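What follows is a single structure, written as C-alpha cells, with notes after it.
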Amino acid sequence: MTLQLHNTLTRQVEPFVPLHAGRASLYTCGPTIYNYAHIGNFRTFLFEDLLRRWLEASGYEVFHIMNLTDVDDRTIAAAVAKGVSLRQHVDPFGQAFEEDRDWLRIRAAHAQPRATEYIGPMIELIEGLLARGVAYQGEDGSVYFAIARFPAYGRLSRLDRRELRVAASERVSADEYAKEDARDFVLWKAAKPEDEAVGAAWDAPFGRGRPGWHIECSAMALELVRRKWGVDVLDVHAGAVDLIFPHHEDEIAQSCAYTGKEEFARVWVHGEFLDLEGTKMSKRYGNILTARDLREQGVDPGAIRHLLFNTHYRQKLDWSDTALAAAGEGSARLGAFRDRLTVAAADGDDPESVAAADRFRQAFATALDDDLNAPEALAALHVLVREANRLMDQGTRVGPAMRVAWELADGVLAVAPSARARTVSADDLAVAEEDGIPVRPPEVSPLDPADVEAWAMRWAAVRATEKRSRNFVEADRIRDLLKSAGWEIRDRRDGAIEVMRRAASAH
Ligand SMILES: [Zn+2]
C-alpha cells in the first residue's frame, strides 16, 4: 500500500507519485502576518504538518517550504492604519506565529521565506511573463496577467469557460476577489503614496511598485525548489479550500506560463474550514479564537491536535467546548498510557504484545495512506492502548515492540498531553527519618500509573535530604534511579526542585 492523496486537480484520490522516487517537495501557503493566526488557520497548518510527518515517517526526504506573507493589501492597510512601517507592523506577528506554531508542535518548515526577501525573483518572473506576452502593463502602470493567453486557466477551480470569456476584458487589482471576478489579475502594483509611506515599494524595470499576493508564492516556490533540487515543479502544494480560487489558480497560471511546464505542482491538496459552535469563524462575526487564547485558557496542545485530527481534513469541523473536552479526555488517556509504558515497560515482549503492536502498525499505515485518514489512525491508536493496558493488567510482558509502536504514533500524531514539570518547593521536602536515615520509598516504581508521580516526588525529596547531608554518591544514585524510570530532576537556585516526566519521544 502506498500513499494516496486527494488531488484537487482531478477531484480524485490517487497514488502519490513524486517527481523523483523517495523525495517530496511540499509548499504550503503560510500566514499573512497582519494579525494573529486563528485556530481555523492552524487547522490548515496542522493537516499539513500531519502530511509532512507522515511523508517523513514513510521514508521520504521532505523539503517543506512555508512562506510568510509580509506584504499584501492587508498588511499595508494595517500598517497605514497604525501609522507604522510595514516592517514594524508585521515583525511581532511573524514572531507570534512561530511561537504558536511551536506550541502546537507543528514542525518548522525547512525554508520559511518572507515575501519581501524575494522581490528579486518576483521581478524576474514578471519580466519573463512580459517577454512571453502573457503579461502586459495597464494604463494605471500596474502589470497584469492576461488570462486569455493561458488556455489552461480555470482548470484547478473548474471555472465556467463561457463566464471567463465574458469577463476576460476586465481587470482586478485587489489581492482577494470572488469567483465571479475571474479576470486579468495583478502581478505588480504601481506604487501608491500609502505604499511609499510604510516602506512597501521597490524599483523594477517596469516601474516602482510592489508585488501582487499571488506572484509571491510562485516566485518563492520556484526559486527555492530550483535551488534545492534543480527542478521547477513541486510535488505537493497545499492550503485551505478558500485558496483554490483565485490564489492557486493564479499561481498555476503564472508559474506554468513562465516555466513552460504543464504542471506547477503534481498534487494539490486542500483542507476544509473550521466552524466555531456552528458558525463560520470570521472577524465579521467577532468569533475569532486564536492559539494564544487557548494557551491562556490552559488548554493542552495535545488536546487541540487530538480534536482537529479526529475529523478528516476534507470535512468541515465544528469546534465546540464539548468536542474540546472529549479530545482532552482522549489525549489524557494516551498520556497515562505513555507514562505507564515509560515506567513499566519490560525488557522483552510476550507474543501477544508483538502481535498487538503489529496490528496497530498495519491499521495506522492503512489509515494514513488512505488520503490521511487521521480519525481512523487515532482510532487505531486508542485500540492499541486498550489492548496494551489489558495485557499489562494481566501481567503479560509489554516491552520494546510496544514502545516502537507508541513512538511511531506519537511521532506522527503528537496528540498526547505535554509532559508537565512539577515543582517541589524547599518546604515540601521534609522527609520522615528513622534513626537519622530518611525513610525511602520502594526502589521499583508502582504499577498503578496514578501512584507513580507521588513515588517520584518522594524519591526527589529523599535525594534532597541526602544532598543536604553531603551524601552525593547516594544523591546521584537516586537521580539515576529516577532517570531509568523516566524522570528528570532539576535543582533550582531557590532550593526548589523540578521533577519532570520525560516525553517518550521528542517532537
Ligand atoms: Zn500561496
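The values are calculated or read from the model by the stated rules, or taken from the named source; none is laboratory data. Nothing here was measured: the structure is a model prediction, and the numbers come from that model. Cβ atoms come from the backbone with ideal geometry, glycine included; neighbour counts cover every protein chain shown. We work out accessible area using only protein heavy atoms, side chains counted, and drop any ligands, DNA or RNA first. Shrake-Rupley method; radii C 1.70, N 1.55, O 1.52, S 1.80 Å.
Points to keep in mind about this one:
- Charge tally in the Cβ shell below 10 Å around V62, where Lys, Arg are +1 and Asp, Glu are -1, V62 excluded: +1
- Accessible surface, the chain, averaged per residue in Å² (probe 1.4 Å): 43 Å²
- Per-pair calculated FRET efficiency, R0 = 56 Å: E117 and E352 via Cβ, rounded to 0.05: 0.50
- Relative contact order for the chain, counting Cα pairs under 8 Å that sit 6 or more residues apart, in percent: 15 percent
- The alpha carbons of the stretch 175-248 give a radius of gyration and a Dmax of 14.8, 40 Å, in that order.
- Computed FRET value (nearest 0.05) for E434 with Q297, which takes r as the C-beta separation and R₀ as 51 Å: 0.65
- Counting only lysines at least 8 places from K483 when in the same chain, those with an alpha carbon closer than 29 Å to its own are K467.
- For the chain, calculated [θ]222 nm from helices alone, where every DSSP H run of n ≥ 4 adds -39500 (n - 2.57): -14500 deg cm²/dmol
- A straight chain from M500 to T279 at 0.36 nm per residue would run longer than the Cα-Cα distance by 75.6 nm.
- Using alpha-carbon coordinates, inclination of helix 449-468 to the longest axis of the chain, degrees: 70 degrees
- The angle between the Cα long axis of helix 400-413 and the main principal axis of the chain comes to about 30°, on a 0 to 90 degree scale.
- Which listed pairs, of K189/K316; K82/K192; K82/K189; K192/K280; K179/K261; K261/K316, have C-alpha distances above 27 Å, in listed order: K189/K316; K192/K280; K261/K316
- In the chain, the longest principal axis of the Cα atoms and the axis of helix 249-259 are about 70 degrees apart.
- Estimated D of the stretch 195-303 in µm² per second, where Rh is the Kirkwood radius over Cα pairs and Stokes-Einstein applies at 37 °C, 0.692 mPa s: 190 µm²/s
- Cα-derived Rg to Rh of the chain, Kirkwood definition: 1.06
- Between D203 and R226, the distance separating the two model label sites (each 7 Å from Cα on the Cα→Cβ line) works out to 2.3 nm.
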